[in-house]
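Working notes for the structure below.
The values are calculated or read from the model by the stated rules, or taken from the named source; none is laboratory data. Just so it is clear, the structure is predicted and the values come from calculations on it, not from any experiment. Cβ: placed from backbone, ideal geometry, glycine included. Neighbour counts: every protein chain shown. To get the accessible areas, we keep the full protein, side chains included, count just its heavy atoms, and leave off ligands, DNA and RNA. Shrake-Rupley method; radii C 1.70, N 1.55, O 1.52, S 1.80 Å.
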Amino acid sequence: MRRFKYTLAFLLVLVLAQVGVSVAYSNFGGTIQELNEKAKSMALENQRLRVQTAKQESLTNVAHVAGELGFVESEVIYLTPKASEAQLPTSVNGETN
Amino acid sequence: MEKRISLVATLLAVATFLLILRLGFWQVIKNGEFSRIARAQYLTGEEITAQRGSILASDGMPLAASQVSWQLWADPQKIEKSPLDLSSTFGPLIFREKFPDVSEEAKLNLLKSEEERIKKLLGQKEKRWVLLSDKVSDETLKTIESLKLAGFGWDKVNSRFYPEASMAAHLLGFLGKNEAGDRGYFGLEGFYDVTLSGKSGFVRQEEDLRGNPIPFGFFSNVPANNGLDLVTYIDRGAQFIVEKYIKEGVEKYGAKSGSVIIMKPTGEILAMASTPSYDPVKYNQAEQAVLKNPVVADAFEPGSVFKILVMASALDADVVEPDTKCDICIGPVQIGKYAIRTWDEKYHPDSTMEEVIVHSDNIGMVFAANRLGKEKMWDYLNKFGIGRLTDVDLEEEASPDLRDRDSWGDIDLATASFGQGVAITPIQLIRVAAAIANHGVLPIPRIVEKIQGGGFEQKVPLQDEGRVISEEAAGQITRMMIAAVKYGESKWVAPKGFVVAGKTGTAQIPIAGHYDPNKTMASFVGFAPADNPKFVMLVTLREPSSSPWASETAAPLWFSIAKELFPYFGIQPEE
């Protein structure tokens, strides 16, 4: 009789455990869904930021902002003629004393 | 009593049997059907859209990329406010997306018509779905969401985004639609459509009543393979410069259209721009004729720029030397019923071949071509890739045919020597100049350097079609082109201190069977620094009206761009 009671109690514990695990699992589905949604929205946010960065860094935008800030194109560019090797300082030629 | 009991037992047995039969019917015979219905209830599937790959400039910045936007719709039966109120709320929001750059004068009318359109759509009470906008941005969607209005919804759509707006539009192409969905058309989008597209995936899983996934239930996931990115040789800075100058140049010289290509002698295309152009986002608002890239799709008679090819061929074939004297350069040459003249009616007896190039002398070119002969001329044109595709990685490339070798007459040889009667595309022409700058080896123009994405990386090899002229001949024609810049018609625009090899070309445009002297194709092709070229550039202007001559239109434009490119590419003056 005692053995029967123990078996019954054990089975009851198993049933309760299964119910508990099932409840936990059913909630876990919600958590998975939440995480999926979060991952999707973060991926979307990443893409949004990449687009914003590209917009800001585009030369078209840089030129526009430069114009607004009052930058003007240089009319004169000073170019230095090619220096021959003989004219270069020795350190540039790699020679040491 | 016993009889009753056995009757009840029999009835129960029969009932049980019938029940088993019925259960068997549902469980066994109808099993397939019910399983399908059940699966449809708890098994859900969702397509995972593959993201289209980006097209990147050489510095890694995107020229075209994918972005998420939203399709905005409404259910007119569920809206709670009046269509008039809602149109004044949605009108400005959608208008801002549709016409970002509209002028203040046009704004009022367009906004009014947009509000009218929305009011009309929302007033269609018999409908359950009307499309308000096929593309609104995240920012606009957030604003709409915050209004918390009933009867409105939105769906995610992938669209193309161009950070530099219409810059390099012809080169990039655009993303359109066909029956199968998105498809790239023209340019890189068209050529590399399969590579950029990727492959959509699919996820199937069991879901509970609330739509949440069932842990340890059925789950099948075929991941999406996103499209691969294209890393191009396009230099954003150089592209920005040529875009600006070609627009200004076409306006300044009153041309109908114009193009610029910059490439390295080994074939890497650094910049390519044409005007008129279009906005790839609004490709459906552009004229059909503007969508194709004229650099690879439009043919023209090149005129005098073609002389560099013919002279290089004659030098390579050893039929002339740079100091060979032209003994027919005393006046016009008669070939059959045609009289060939110089462009300025000036004749230079005993000109050397270098002087022929400097003066852009048609008679001198006829002399060189006659020495070369029809057969060899045809062979060299073929070797230089005239009459066939260059294999540049742009979808719409086309090539006019080179007439059969046997059909060439004396007049064809003569006119081809100064670039008339032969049609080529700008990309074919710059390739000829690139072959000279590349010491005689004909490159295959290439825009994409490598394909990458998802841990994959593959370099697109640079290729060439082998040697077309000797290194010596390439050096000789280069020196002639240097002299042409220094002493030729365009010497007034050449910058001091830089050694540039170049040649002008003014070709009359054939219209209805004859050449119109007032309608010309002006071009200038050249490379710098001449001894160790960093870039080869071609400028073409169609029908410039300020002057028909290339020396007064295409050449100054070429040198204006070159002056910007010298410091940009770190090219120092020689003197």
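Data table
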quantity: Number of the exception - B:Val356 against (1) out of contact with any Gly (no Cβ under 8 Å at 6 or more places or on another chain); (2) open to solvent by less than 90 Å² (accessible area, probe 1.4 Å); calculated: (1)
quantity: Those residues of the range B:297-354 which are part of a strand (DSSP E or B) and among the β-branched types (Val, Ile, Thr), in sequence order; calculated: B:Val333, B:Ile335, B:Ile340, B:Thr352
quantity: Residues of the range B:89-113 that turn out to be closer than 20 Å to B:Asp138 by Cα and of a type outside the set (Val, Ile, Thr), as a count; calculated: 11
quantity: B:Arg405 vs. criteria open to solvent by 40 Å² or more (accessible area, probe 1.4 Å) and farther than 30 Å from B:Phe174 by Cβ; calculated: yes
quantity: Out of B:Glu489, B:Glu564, sole residue that is surrounded by fewer than 24 Cβ atoms within 10 Å (Cβ to Cβ) and over 20 Å from B:Ala271 (Cβ atoms); calculated: B:Glu489
quantity: Pair list, Cβ under 6 Å, 6 or more apart: the range B:494-518 residue surrounded by 10 or more Cβ atoms within 10 Å (Cβ to Cβ), other residue assigned to a strand (DSSP E or B) and polar (S, T, N, Q); calculated: B:Gly505/B:Ser523; B:Thr506/B:Thr520; B:Gln508/B:Thr520; B:Tyr515/B:Gln508
quantity: Count - residues of the range B:141-171 that are touching a residue at least 60 places away in the same chain (Cβ under 8 Å), assigned to a helix (DSSP H, G or I) and within 14 Å of another protein chain (Cβ to nearest Cβ); calculated: 2
quantity: Every residue from the range B:62-82 that is open to solvent by 30 Å² or more (accessible area, probe 1.4 Å) and either part of a loop (DSSP other than H, G, I, E, B) or over 21 Å from B:Ala169 (Cα atoms) (or both); calculated: B:Trp70, B:Gln71, B:Trp73, B:Gln77, B:Lys78, B:Glu80, B:Lys81, B:Ser82
quantity: Condition check for B:Tyr283: open to solvent by 10 Å² or more (accessible area, probe 1.4 Å) and closer than 25 Å to B:Gln67 by Cα; calculated: yes
quantity: Odd one out for B:Lys135 among (1) in contact (Cβ under 8 Å) with a residue 40 or more places away in the chain; (2) more than 30 Å from B:Ala57 (Cα to Cα); calculated: (2)
quantity: Residue match in the range B:502-515 (condition: within 14 Å of chain A (Cβ to nearest Cβ) and either outside any helix (DSSP H, G or I) or hydrophobic (A, V, I, L, M, F, W, C) (or both)); calculated: no
quantity: Test: residue in the range B:550-559 that is open to solvent by 10 Å² or more (accessible area, probe 1.4 Å), part of a loop (DSSP other than H, G, I, E, B) and closer than 21 Å to B:Phe306 by Cβ; calculated: no
quantity: Every residue from the range A:28-64 that is more than 8 Å from every other protein chain (Cβ to nearest Cβ) and either hydroxyl-bearing (Ser, Thr, Tyr) or surrounded by fewer than 11 Cβ atoms within 10 Å (Cβ to Cβ) (or both); calculated: A:Thr31, A:Leu35, A:Glu37, A:Lys38, A:Ala39, A:Ser41, A:Met42, A:Asn46, A:Leu49, A:Thr53
quantity: Residues satisfying the stated conditions in the range B:560-569, i.e. more than 16 Å from B:Ala501 (Cα to Cα) and in a helix (DSSP H, G or I); calculated: B:Glu564, B:Pro567, B:Tyr568
quantity: Residues of the range B:4-44 classified as among the charged types (D, E, K, R), open to solvent by 90 Å² or more (accessible area, probe 1.4 Å) and over 18 Å from B:Glu207 (Cβ atoms), total; calculated: 2
quantity: Qualifying residue in the range B:164-176 (condition: hydroxyl-bearing (Ser, Thr, Tyr), at pLDDT below 85 and open to solvent by 10 Å² or more (accessible area, probe 1.4 Å)); calculated: yes
quantity: Pick from the range B:188-216, criterion over 22 Å from B:Ala169 (Cα atoms) and of a type in the set (A, V, I, L, M, F, W, C), ranking: nearest to the chain's Cα centre (by Cα); calculated: B:Phe202
quantity: Residue identified as within 12 Å of chain B (Cβ to nearest Cβ), in a helix (DSSP H, G or I) and either modelled with pLDDT of 90 or more or over 30 Å from B:Glu47 (Cβ atoms) (or both) among A:Ala17, A:Ala24, A:Ala86, A:Ala9; calculated: A:Ala24
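Okay, residues lined up against (1) in a strand (DSSP E or B); (2) surrounded by fewer than 18 Cβ atoms within 10 Å (Cβ to Cβ); (3) more than 14 Å from chain A (Cβ to nearest Cβ):
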| residue | (1), (2), (3) |
| --- | --- |
| B:Gly466 | yes, yes, yes |
| B:Arg479 | no, yes, yes |
| B:Phe524 | yes, no, yes |
| B:Ser547 | no, yes, yes |
